[in-house]
Amino acid sequence: MTKGSEDRTKKTYAESARSLAEYFSSLDAREDDIERAFDLVGGTQDSAVLELGCGDGRDASAILKRTRNYTGIDYSKGLIELAKQSNPGYDDTFLVADMRSFVP
């Protein structure tokens with residue numbers, strides 16, 4: 001991705017964070033998929049979960065019910081702010097980051 005296209009992508013996410021969140025609010029969290037994933041790996045409250053592209057945190061609340069060790073990243077500062085608002089008390093678990101270069 002070139003610097004120009006990367007800047008356009010960030011700008012688009014910044015400008016559309018609220019409308020993206022509104023769209024995703026019409027969809028339920030993927031509780032069944034999250035439960036299945038935890039069952040498959042034998043997940044516990046100590047399991048580490050890194051959610052790439054966590055968006056507005058729609059699935060984070062379901063994940064946070066199952067683990068104390070969660071990090072959600074997204075490219076969009078606006079979506080991360082919405083994720084923090086949707087999951088009070090977990091501000092430090094949501095980070096603005098590019099998954100291509102993120103190092104936990």
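The values are calculated or read from the model by the stated rules, or taken from the named source; none is laboratory data. This is a predicted model, so every value here is computed, not measured. Every residue, glycine as well, gets a Cβ built from its backbone with ideal geometry; the counts of neighbours run over all protein chains shown. Surface areas here come from the heavy atoms of the whole protein model, side chains and all, with no ligands, DNA or RNA. Shrake-Rupley method; radii C 1.70, N 1.55, O 1.52, S 1.80 Å.
Some points to look at:
- Placed amide H near Leu95: partners under 5 Å, 5+ positions off or other chain: Gly72, Ile73, Asp74
- Based on protein heavy atoms only, the range 45-84 ends up with 41 Å² per residue of surface accessible to a 1.4 Å probe.
- Approximating the spin labels as points 7 Å out from Cα along Cα→Cβ, the Lys10-to-Ala48 distance works out to 2.7 nm.
- Entry note, the chain: the mean residue ellipticity at 222 nm calculated from DSSP H runs of n ≥ 4, each adding -39500 (n - 2.57), is -14500 deg cm²/dmol after division by the residues and rounding to the nearest 500.
- Binning all Cα-Cα separations of the chain at 5 Å, short to long from zero, yields these whole-percent fractions: 2, 12, 22, 22, 19, 12, 6, 3, 0.
- Accessible area of the chain belonging to carbon and sulfur atoms, whole % at 1.4 Å probe: 52
- Orientation-averaged projection of the range 37-87 equals 3.2 nm² [convex hull of Cα atoms, one quarter of hull surface area].
- Lysine pair count for the chain with Cα-Cα distance under 26 Å and sequence separation of 8 or more or different chains is 8.
- The chain: relative contact order in percent, alpha carbon pairs under 8 Å with at least 6 residues between: 26
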